[in-house]
Amino acid sequence: LAKTTQPISMDSYEGQEVNITCSHNNIATNDYITWYQQFPSQGPRFIIQGYKTKVTNEVASLFIPADRKSSTLSLPRVSLSDTAVYYCLVGDAKAAGNKLTFGGGTRVLVKP
Amino acid sequence: DSGVTQTPKHLITATGQRVTLRCSPRSGDLSVYWYQQSLDQGLQFLIQYYNGEERAKGNILERFSAQQFPDLHSELNLSSLELGDSALYFCASSLRDRVDEQYFGPGTRLTVT
């Protein structure tokens with residue numbers, strides 16, 4: 001399983017864009033990059049998933065460079081309610097019988 | 001609301017006891033996953049079932065076991081409980097036997113005293 005490294009914490013202010021970078025140097029050919037958000041005492045919530053280049057949905061964008069050794073989750077114009085822990089996961093999400101490993105995550109604090 | 005339900009929400013029990021946690025997946029989902037999250041720790045994958053069969057195993061202790069029933073609900077059994085088993089236990093489900101998008105339940109908080 002590819003090991004991921006992300007910052008332990010980040011602070012931001014309301015209305016700003018937050019970018020969280022995840023390093024995954026030993027990502028495998030079949031691995032996808034998936035991000036989850038978790039609020040205290042709640043189950044994680046799927047945010048976005050990508051394989052290469054850029055993926056965008058209604059809540060976030062995911063940028064993946066050509067070498068795929070890192071990825072950046074971008075949260076546009078954050079609000080106080082975006083304060084949460086964000087997990088970057090790397091794994092073969094499309095294969096049967098696989099599992100994804102959650103690392104320590106990045107604790108994002110959005111200030112007024 | 002993810003559509004995944006877990007019962008009970010809270011459970012307090014003593015060391016050496018046995019408990020059962022229950023999970024009902026989202027309607028139509030065939031895969032169920034169990035995770036453990038200790039205080040200030042990341043989520044540890046325990047085990048996955050797909051359509052009644054065990055599909056993947058993580059760091060699940062021998063004292064723990066799980067099963068998925070024909071109606072697709074799942075139960076996680078924890079026995080000979082120790083203080084270190086105190087944690088949040090999450091169940092997640094996905095449509096297929098792939099982890100591409102999992103839907104997590106609200107969790108069961110287990111406290112072992």
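For the residues A:SER70, B:SER80, B:SER93, what sequence is obtained by ranking on other C-beta atoms within 10 Å, fewest first?
Details: A:SER70 19, B:SER80 13, B:SER93 25.
Arranged by neighbour count, lowest to highest, A:SER70, B:SER80, B:SER93 become B:SER80, A:SER70, B:SER93.
Hey, got the average number of other protein chain Cβ atoms within 10 angstrom for residues in B:102-111?
3
Just want the answer: with Cβ charges of +1 for Lys and Arg and -1 for Asp and Glu, which residue in B:TYR33, B:THR13, B:SER94 is farthest toward the dipole's positive end in chain B?
Going by the charge dipole, the pick is B:THR13.
Label points 7 Å out from Cα along the Cβ direction at B:ASN51 and A:LYS52: separation in nm?
About 3.2 nm, to one decimal.
How much of the calculated P(r) for the protein assembly as shown lies past 22 Å, in percent of all Cα pairs? Write out the running numbers ahead of the final one.
Numbers: 12965 of 25200 pairs.
Beyond 22 Å sits 51 percent of the P(r) for the protein assembly as shown.
Counting Lys and Arg as +1 and Asp and Glu as -1, each charge on the Cβ, what is the dipole of chain A about the Cα centre in debye, to the nearest 20?
240 debye
Which of B:GLU75, A:GLU14 has the fewest other C-beta atoms within 10 Å, and how do the rest follow up to the most? Before the final figure, lay out each step's value.
On the way: B:GLU75 16, A:GLU14 13.
Listing B:GLU75, A:GLU14 from fewest to most nearby Cβ atoms yields A:GLU14, B:GLU75.
Ranking A:ILE64, A:ILE8 by Cβ neighbours within 10 Å, fewest first, what do you get? Each step should come with its number before you reach the end.
Numbers: A:ILE64 21, A:ILE8 8.
Final ranking by Cβ density, sparse to dense: A:ILE8, A:ILE64.
In debye, nearest 20: dipole of the stretch B:11-113 around its Cα centre with unit charges on the Cβ of K, R (+) and D, E (-)?
On the way: 9 positive and 12 negative charges, 23 e Å.
Roughly 100 debye for the stretch B:11-113.
Using a Cα-Cα cut-off of under 28 Å, which lysines could be cross-linked to A:LYS94, ignoring same-chain neighbours fewer than 8 residues away?
A:LYS3, A:LYS52, A:LYS54, A:LYS69, B:LYS57
About the Cα centre of the protein assembly as shown, how large is the charge dipole given +1 on each Lys and Arg Cβ and -1 on each Asp and Glu Cβ? Please answer in debye to the nearest 20.
Working: 21 positive and 21 negative charges, 39 e Å.
The dipole magnitude comes to about 180 debye.
For a Förster distance of 41 Å, can you work out the FRET efficiency between the beta-carbons of B:PHE69 and B:THR113, rounded to the nearest 0.05?
Details: r = 30 Å, r/R0 = 0.73.
About 0.85, to the nearest 0.05.
Once the dipole of the protein assembly as shown is set up with Lys and Arg at +1 and Asp and Glu at -1 on Cβ about the Cα centre, which of B:GLN67, A:ILE20, B:GLY84 lies farthest towards its positive end?
After comparing all options, I get A:ILE20.
A short reminder: the numbers here are calculations on the coordinates, not readings from a lab. Here the structure is a predicted model, which means the values were calculated and not measured. Note that each Cβ is placed from the backbone with ideal geometry, even for glycine, and that neighbours are counted across all protein chains shown.
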